[in-house]
Amino acid sequence: MKWKHPPTIKIYEALGSVADGRVEISANTAKVYSSSRNKYYDVVYDPENKLIMTNDNGSYWKGYCGYPAIAYLMNAGVLSYDEKLGNLLKGIEWKDINQKFKNDFDKTMGFIFSTFEEKDKKELEEFALKAEGEIKDLDLGLLGKKMLPPEGY
């Protein structure tokens, strides 16, 4: 079984989590801390077979490759990462903003992008397109059975 393609916002969340230093890798596993830092998501990766598992809400409930998996892959050098662009997204409280807009990802991104200069928005959008292509090319499958997301904020 394959992961569905993630919403573009998950690439931005992953960039920010790497920039924030919220990804702790140990070999082919990781803990990726939420933007509130009150919980973490587990990631397990099998590079030989292109399989990955993570226990964030989007991965578990919606079936797409969630931001913790993408952040792990960026941090591990499997997917591209741009430090300058990551730093633009550093410190963003994704959970709070998503809740404010009732998980309407377009509204969340509109709100976040409203704080950036046009040049930065364009660079972020170009990076996201590139990352989407890389994710699609990886064609990642599920590594084992889905894991329940952690509870808490």
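The values are calculated or read from the model by the stated rules, or taken from the named source; none is laboratory data. All figures in this text were calculated on a predicted structure; none of them were measured in a lab. All Cβ positions, even for glycine, are placed from backbone atoms using ideal geometry, and neighbour counts span all protein chains on display. Each accessible area value is taken on the protein alone, full model and side chains, heavy atoms only, with ligands, DNA and RNA left out. Shrake-Rupley method; radii C 1.70, N 1.55, O 1.52, S 1.80 Å.
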Restricting attention to the range 132-142, does a residue exist that is β-branched (Val, Ile, Thr) and open to solvent by 80 Å² or more (accessible area, probe 1.4 Å)? no
Return yes or no: is residue 135 in contact with a helix residue (DSSP H, G or I) (Cβ under 8 Å, 6 or more places away or on another chain), in contact (Cβ under 8 Å) with a residue 60 or more places away in the chain and assigned to a helix (DSSP H, G or I)? yes
If only one of 27, 71 is on the phi < 0 side of the Ramachandran plot and either in contact with a strand residue (DSSP E or B) (Cβ under 6 Å, 6 or more places away or on another chain) or open to solvent by 40 Å² or more (accessible area, probe 1.4 Å) (or both), which one is it? 71
Cβ contacts < 6 Å: first residue touching a residue at least 40 places away in the same chain (Cβ under 8 Å), restricted to the range 140-153; second residue open to solvent by 50 Å² or more (accessible area, probe 1.4 Å) and aliphatic (A, V, I, L, M), any location; separation 6+ or different chain. Result? 142/1; 143/44
Count of the range 1-24 residues which are out of contact with any helix residue (DSSP H, G or I) (no Cβ under 6 Å at 6 or more places or on another chain), of a type outside the set (Lys, Arg) and outside any helix (DSSP H, G or I): 7
For the range 102-115, does any single residue satisfy the condition of being farther than 29 Å from residue 143 by Cα, open to solvent by less than 40 Å² (accessible area, probe 1.4 Å) and among the hydroxyl-bearing types (Ser, Thr, Tyr)? yes
So residue 98 fits all but one of (1) closer than 18 Å to residue 6 by Cβ; (2) in contact (Cβ under 8 Å) with a residue 40 or more places away in the chain; (3) open to solvent by less than 50 Å² (accessible area, probe 1.4 Å); (4) not aromatic (Phe, Trp, Tyr); what number is the exception? (2)
With the requirement that a residue be in a helix (DSSP H, G or I) and either of a type in the set (Gly, Ala, Ser) or closer than 14 Å to residue 8 by Cβ (or both), what does the range 63-97 give you? 67, 69, 70, 71, 85, 86, 94
Subset of the range 36-55 that is touching a helix residue (DSSP H, G or I) at 6+ places or on another chain (Cβ under 7 Å) and open to solvent by less than 10 Å² (accessible area, probe 1.4 Å) - its residue that is farthest from residue 152 (Cα to Cα): 52
